[in-house]
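Here's the structure we're looking at; comments come further down.
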Amino acid sequence: MPTYASALQLHQAILSGQTTAVQALDETYARIDATEPVLNAYNSLCKALAYEAAKTVDAKVAAGESLPLLAGVPVAIKDNLNLTGTPTTCSSKMLGNESYVSPYNATVCDRLNAHLMPIVGKTNLDEFAMGSSTENSAFGPSKNPWDPARVPGGSSGGAAATVASRQVLLSLGSDTGGSIRQPAALCGVVGIKPTYGLVSRYGLVAFASSLDQIGPFAVDVEDAAALLEVLAGYDPMDSTSHKALAQAPEQTRYSEQLAQLSKTSLAGVRIGVIQELSGEQAQGFDPEVMAAFEASIAQLKALGADIKTVSVPSVKYGVAAYYIVAPAEASSNLARYDGLRYGLREPGAQDLGSLFKKTRAAGFGPEVKRRIMLGTFALSAGYYDAYYGKAQRVRQLLRHEFNQAWQQVDALICPTSPCTAFKFGEKSSDPLQMYLSDVATIPVNLAGIPALSVPCGFDANHMPIGLQIQGPHWSELKLLQIARAYEHAAGFKGKQPNLDALKTPANV
Ligand code: GLN
């Protein structure tokens, strides 16, 4: 049933009166109804709010008023983003059962509202965004639209699955160590982790605050650029928001700027292949992933890019450093779930201490508990310097090495994920195996730089493969330019799974 191949096309159709925002929303909910029993992409829907926005759009179109970018295009948001009056669960029992209803909007939601984009619902994730498969969700995993026996990736698995299945054409995820790019790769869509500070984190439930960024999922690069433009900008409510954006808002007009750039040539663009994540050194990477990656290098060359190999030696320490820094920050951020202030309160406590213990034991799942214990240990007196201090030094080294790389190249590439979508249960019994799914994405968060994943092929099971393109701070436009040229030439743009297979018998 999806009538429009892209969000920008749908937006144009609404502006020109070919369809209405209400009709687009009706069709969106019909698609969600038809495929949601299989996919489980959503934790909740917010129909009343969405229809309000859609009606406003239609009234403005009828009145001949001008409308902002992407107005009328339905969008889904990850269920760790606050939207006034809606339950925010983070896929945790701690906040489930409507025990927490957002009293305010995340800044990104204000921005979606300002652009009159109907927010259709909140998507499933690994509990508190900790995981790579959505198997850590307290509400059951989301399924990969290409094969529902496989994971969609994570933690923003629901947000990736809803776009891959064309329930919606756009969604928002959050990326702390790969949670937008890895599910984008596994679901065959585009996903962007912006430069730290480009998109406000205000109203995003904090996991690891020095690493978290919100970003878009889309079916193609131009759509992703448009949604990033809606999200980006200075916000005084986030102390890590980049102030310079306030002085030069035109910097983030990606759609307009992209329109000025060539779609067919990358002449003069210098691209580095990360030595440690390619060729012989890419240990643990599927051969089929590496073959698709090699083919994408050839494609970029054919587009005129200047390709060389660049060493970023410390990427191999990224996972180790991340699993100190991220749990350390998480142990502090998650201390607020104490049974008093938010969500769940377990009955039967004798005193304050037992209230904390009972609530936290009942409310958090095993992965979240593991992270809190890891983080608390890493920060404890006597160990702080050996663990946290050392991880911070690795982080610094990694930043330095990336900065060296930018002396030689405009962007760096590697596969987004070492493997394609795996079957449920395949990695969930071995946390270390799961942690390694982010070996190629984590260094980007540690350095605070931007990166995106764009589809670059399929394996023998017809599971999608993603190419990751990374660049210096604030190089989003360059990354979009490279990705769009690649996407046009490579022939994987807009590929979608067999949507009929996702419909439950009652809905066919
Ligand atoms: N998979 C990584 C983790 O489990 C990254 C998660 C994320 O980016 N939110 O921590």
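Bear in mind these aren't lab numbers, they're just calculated from the coordinates by the rules spelled out. Keep in mind the model is a prediction, meaning the values are calculated, not measured. A quick note on method: Cβ atoms are made from the backbone with ideal geometry, for glycine too, and the neighbour counts reach across all protein chains shown.
Below are the figures for this structure:
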read-out: Net lengthening on full extension, Ala246/Lys423 (0.36 nm per residue, minus Cα-Cα); value: 59.2 nm
read-out: Sites Ser99 and Lys369 - FRET efficiency at Förster radius 25 Å, r taken between beta-carbons, to 0.05; value: 0.85
read-out: For region 355-508, size of Cβ-based charge dipole, Lys and Arg +1, Asp and Glu -1, in debye; value: 640
read-out: Extreme residue, positive dipole direction of the chain, given options Tyr254, His473, Gly348 (C-beta unit charges); value: Gly348
read-out: Residue (of Leu412, Ala63, Pro236) at the positive-pole extreme of the chain, dipole from beta-carbon charges; value: Pro236
read-out: For region 384-485, fraction of C-alpha pairs farther apart than 22 Å, in %; value: 43
read-out: Difference of contour (0.36 nm per residue) and Cα-Cα distance, Ser44 to Glu256; value: 72.9 nm
read-out: Estimated D of region 157-279 in µm² per second, where Rh is the Kirkwood radius over Cα pairs and Stokes-Einstein applies at 20 °C, 1.002 mPa s; value: 137
read-out: Cβ-placed point charges (K, R +1; D, E -1), dipole of the chain about Cα centre in debye, nearest 20; value: 640
read-out: For region 428-496 versus region 312-347, the gap between their alpha-carbon centres in whole angstrom; value: 24
read-out: Sorted largest first, extent of region 51-169 alpha carbons per principal axis (Å); value: 47, 34, 19
read-out: Contour minus Cα-Cα distance for Glu280 and Ala386 (0.36 nm per residue); value: 35.0 nm
read-out: Value of relative contact order over region 1-83, rounded to a whole percent, pairs C-alpha under 8 Å and six or more apart; value: 42
read-out: Estimated D of region 128-167 in µm² per second, where Rh is the Kirkwood radius over Cα pairs and Stokes-Einstein applies at 25 °C, 0.890 mPa s; value: 252
read-out: Dimensionless Rg over Rh [region 224-266; C-alpha; Kirkwood]; value: 1.09
read-out: Angstrom value of the Kirkwood radius, inverse mean 1/r, which spans all Cα pairs in the chain; value: 22.6
read-out: Computed Kirkwood radius, in angstrom, where 1/r is averaged over Cα pairs of region 215-304; value: 16.4
read-out: Virtual paramagnetic centre 7 Å along Cα→Cβ of Gln407, amide N under 18 Å, in region 281-320; value: 308-315
read-out: Rough spin-label spacing in nm, given labels placed 7 Å along Cα→Cβ, for Gln433 and Ser354; value: 4.1
read-out: Projected label distance in nm at Glu294 and Lys316, using a 7 Å step from Cα toward the beta-carbon; value: 2.2
read-out: Pairwise centroid distance, computed over Cα atoms, of region 226-268 with region 1-33, Å; value: 26
